[in-house]
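Here is the structure we will look at, set down as structure tokens.
The values are calculated or read from the model by the stated rules, or taken from the named source; none is laboratory data. Every value quoted in this text rests on a predicted model; they were computed, and no experiment measured them. Backbone-built Cβ (ideal geometry, glycine too); neighbour counts: all protein chains shown. Only protein heavy atoms, including side chains, enter the accessible area calculation; ligands, DNA and RNA are left aside. Shrake-Rupley method; radii C 1.70, N 1.55, O 1.52, S 1.80 Å.
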Amino acid sequence: MSRIFHLARPGAWLAAGLVLAFLLLFLVLPVAWVFFSAFVNADGSLTLGHFAAFFHQPLMTEAFWNSLYVATMATIAAALIAVPLAYFTVRFEFRGALLIQTLGVLPLIMPPFVGAVAMQLIFGRSGTVNLLLEQHLGFTVPIMDGLNGVIFVEALHYFPFILMNLTLALRNIDGAMEEAALNLGCRGWRLFRRVIFPLAMPGFVAGASLVFVKVFDDLGTPLVLGTTNMLAPQAYLRITQVGIDDPLGYVISVLMIAFSIAAMALSARVLKGKDYATTQKGGGAIQRRRLSPLGTVLTYAWIGFILLLTLSPHIGVLLLSFASVWSFAPLPDGFTAAHYATVFQDAGGMISNTLLYCGMAAGIDVLLGTTIAYLIMRTRLPARQWLDWIATAALAVPGLVLAIGYLRFFKGVLVPGTDVLLTSTWVVIMIAYAVRRLPYALRSCVAALQQVHISLEEAAESLGATKMRTIRRVVVPLMAGGILAGFVTSFITAAVELSATILLTSSQSQAPMSYGIYLYMQSIAGRGPGAALGVLAIAVVAIGTYASHVIVERTGSRLKQRPVDEDLPPLPILPAEVAPVRT
């Protein structure tokens, strides 16, 4: 036992203990409690009866199959949008390819439930498109009716996950393979089906699995569109209407986690045993081909149509935020800035709450992320990799399930020294944001620490600096770019979180912007201010995204290898026996 404790310094053990305690208290135990509640009766005996009751209720089985259907169809629809967009802009000579790919990522900066309202106004039964079709062609299309509307909105919002991953995979394909296939007479659709797409399969599978998980767990979009016969809305309704002790809410939570994990496992299974490695990356080796004049015109027309579709929620929300009246008309009847005045007057506290909660959550994330990264890569603590695995597991936990776990696990727990329930304070909202976004910050911190050579710490310690001073004055400043990028990523994704927020917000004075948007959108009169608040949320996310890119770019430029001064003698190579040793 003593030998194990000598593997690392006491400070490392203390830091690991604090991080593990946080993860156990706010992630592992609440989620475990959800699982436990789904498998026990009121008297504490184990049972599978709750699952049997779930599948014997027609509404529950309908919700289960509807969620599977919507997630599958939204993934297929997202693939139909993203695959041609990535293929044409990467493998062919295409003016504006970078602009097209950038615009294709824009849907991610808008919360899907905000775009859902705008899509109703544009593509709904009495929306702009259907009014024009009925007026000029005499028919309408039921794009936004029922489950179709959820599929349409989710596909347009989440297809960038496939686009980004597939674009990167296509760029990394060895161009010599494509040339060899062309020389053997393989062209057109056959070339794409037999050579290009199979080689890019890892990127496609990664993006498609993310889309499936996001759609399956999404709560805001079905609720805003009034589609409650799906799993996530049913879990929310059971907990809020029946009560926190309703076992079916926990059964639904277990199913949501199980399908999230199953989607990730299936994606790994699809790629298992197959070799996608090439001897060289794409880059300059790619020989971009030319489209025929007719092909160029058709492709530009198709891409323009797709981009117009993807940007329609943004256009719709912007128009709605300035519309005095917009009902049964292709465009608003008039414009006003009154909605923004209403938002700043009535919902100013929501904006400041968002900045407070998300700022504190992002701060906790980078603190935990930096600590975990350092423990993993710079110490010999036994089982240190478990900290990474536990923190990353938060990706598979839907926000709704985490919120249910908090309400159940911390039921009756008071804030120390007060008579206030912990679950009725804003602190639990902030912690939920921190736990859900920890994997993003952790990956940024790990990447940043991988670029800091351990010899710099050894040099500082050899000059007399303590371990803590070395971390504070050397390691953290060198990781600053990655830490800031993790902070911004955590902040902007937390700013549009609704699933956990909607259950954990106990009063309007504690509500952040995402909850305020949802409340406004529940009434016709509130849609204007809701859209105005949505535009402000988009602005916050867009500014944060831009800041993240700037930080990453500047950090990358600073870490580029400096030019070698040929007049100086080369540095001596250290013998192996004085190589740095982990502490």
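Kindly provide the set of residues from the stretch 442-482 that are free of Cβ contacts under 8 Å to residues at least 60 places away in the same chain, more than 19 Å from Leu387 (Cβ to Cβ), open to solvent by 30 Å² or more (accessible area, probe 1.4 Å) and in a helix (DSSP H, G or I), ordered by number.
Leu456, Ala459, Glu461, Ser462, Arg469, Arg472, Arg473, Val474, Pro477, Leu478
With Ala42, Ala53 as the choices, which residue is over 29 Å from the mean Cα position of the chain (by Cα), modelled with pLDDT under 95 and open to solvent by 50 Å² or more (accessible area, probe 1.4 Å)? Write out each step before concluding.
On the way: Ala53 fails: open to solvent by 50 Å² or more (accessible area, probe 1.4 Å).
Answer to the selection: Ala42.
Just wondering, is there one or more residues in the stretch 418-425 that are open to solvent by 40 Å² or more (accessible area, probe 1.4 Å), touching a Leu at 6+ places or on another chain (Cβ under 6 Å) and farther than 28 Å from Leu498 by Cα?
No, there is no match, as no residue in the stretch 418-425 is open to solvent by 40 Å² or more (accessible area, probe 1.4 Å), touching a Leu at 6+ places or on another chain (Cβ under 6 Å) and farther than 28 Å from Leu498 by Cα.
Checking Pro233 against (1) surrounded by fewer than 23 Cβ atoms within 10 Å (Cβ to Cβ); (2) closer than 20 Å to Met144 by Cα, which test does it fail?
For Pro233, the exception is condition (1).
Of the residues Asn165, Asn148, only one is of a type outside the set (D, E, K, R), within 25 Å of the chain's Cα centre (by Cα), under 24 Å from Leu106 (Cβ atoms) and surrounded by fewer than 18 Cβ atoms within 10 Å (Cβ to Cβ); which? Show your work before the answer.
On the way: Asn165 fails: surrounded by fewer than 18 Cβ atoms within 10 Å (Cβ to Cβ).
Result of the check over Asn165, Asn148: Asn148.
Would the stretch 483-497 turn up any residue that is in contact with a helix residue (DSSP H, G or I) (Cβ under 9 Å, 6 or more places away or on another chain), of a type in the set (S, T, N, Q) and over 24 Å from Val224 (Cα atoms)?
We begin by selecting, within the stretch 483-497, every residue in contact with a helix residue (DSSP H, G or I) (Cβ under 9 Å, 6 or more places away or on another chain); these are 483-497.
This time we only want the ones that are of a type in the set (S, T, N, Q), so: 489-490, 493.
Okay, now just the ones that are also over 24 Å from Val224 (Cα atoms), so 489-490.
Yes; the residues of the stretch 483-497 include at least one that is in contact with a helix residue (DSSP H, G or I) (Cβ under 9 Å, 6 or more places away or on another chain), of a type in the set (S, T, N, Q) and over 24 Å from Val224 (Cα atoms).
Have a look at Pro112, Pro107, Pro142 and point out the one that is free of Cβ contacts under 8 Å to residues at least 40 places away in the same chain and either touching a Phe, Trp or Tyr at 6+ places or on another chain (Cβ under 9 Å) or surrounded by fewer than 20 Cβ atoms within 10 Å (Cβ to Cβ) (or both).
Values: Pro112 fails: free of Cβ contacts under 8 Å to residues at least 40 places away in the same chain; Pro107 fails: free of Cβ contacts under 8 Å to residues at least 40 places away in the same chain.
Only one candidate qualifies: Pro142.
Being among the β-branched types (Val, Ile, Thr) and over 33 Å from the mean Cα position of the chain (by Cα) is the filter; apply it to the stretch 303-345 and report the residue that is modelled with the lowest pLDDT.
Taking the stretch 303-345 first, the residues among the β-branched types (Val, Ile, Thr) are 303, 306, 310, 315, 317, 325, 336, 342-343.
Retained after the next criterion (residues that are over 33 Å from the mean Cα position of the chain (by Cα)): 325, 336.
On the way: Val325: 82, Thr336: 88.
Across the stretch 303-345, the extreme among qualifying residues is Val325.
Taking the stretch 288-301 as the search range and keeping residues that are open to solvent by less than 70 Å² (accessible area, probe 1.4 Å) and not polar (S, T, N, Q), which one is nearest to Val90 (Cα to Cα)?
Our first condition is that a residue be open to solvent by less than 70 Å² (accessible area, probe 1.4 Å); within the stretch 288-301, this holds for 289, 291-292, 295-296, 299, 301.
Retained after the next criterion (residues that are not polar (S, T, N, Q)): 289, 291, 295, 301.
Numbers: Arg289: 10, Leu291: 13, Gly295: 16, Ala301: 17 Å.
So, considering only residues that are open to solvent by less than 70 Å² (accessible area, probe 1.4 Å) and not polar (S, T, N, Q), the one nearest to Val90 (Cα to Cα) is Arg289.
Within the stretch 84-117, take every residue that is small (Gly, Ala, Ser) and under 27 Å from Ala531 (Cβ atoms) and give me the one that is modelled with the lowest pLDDT. Let's see the steps before the verdict.
Initially, the stretch 84-117 is screened for residues small (Gly, Ala, Ser), giving 86, 96-97, 104, 115-116.
Then drop every residue that is not under 27 Å from Ala531 (Cβ atoms), which leaves 104, 115-116.
Working: Gly104: 71, Gly115: 80, Ala116: 83.
That would be Gly104.
Considering only the stretch 302-340, state which residues are open to solvent by 60 Å² or more (accessible area, probe 1.4 Å) and part of a helix (DSSP H, G or I).
The answer is Trp302, Phe305, Leu308, Ile315, Leu318, Phe322.
So Ala97 fits all but one of (1) in contact (Cβ under 8 Å) with a residue 12 or more places away in the chain; (2) surrounded by fewer than 21 Cβ atoms within 10 Å (Cβ to Cβ); what number is the exception?
(1)
List pairs: first in the stretch 483-496 and closer than 13 Å to Arg443 by Cα, second of a type in the set (Val, Ile, Thr) and part of a helix (DSSP H, G or I), Cβ under 6 Å, 6+ apart or cross-chain?
That search, which allows pairs on different chains as well, returns Ile483/Val366; Leu484/Ile551; Ala485/Ile551; Ala485/Val552; Gly486/Val366; Phe487/Val366.
Yes or no: Ile143 β-branched (Val, Ile, Thr) and farther than 13 Å from Val83 by Cβ? Don't jump to the end; show me each part of the working.
On the way: β-branched (Val, Ile, Thr): yes; farther than 13 Å from Val83 by Cβ: yes.
Yes.
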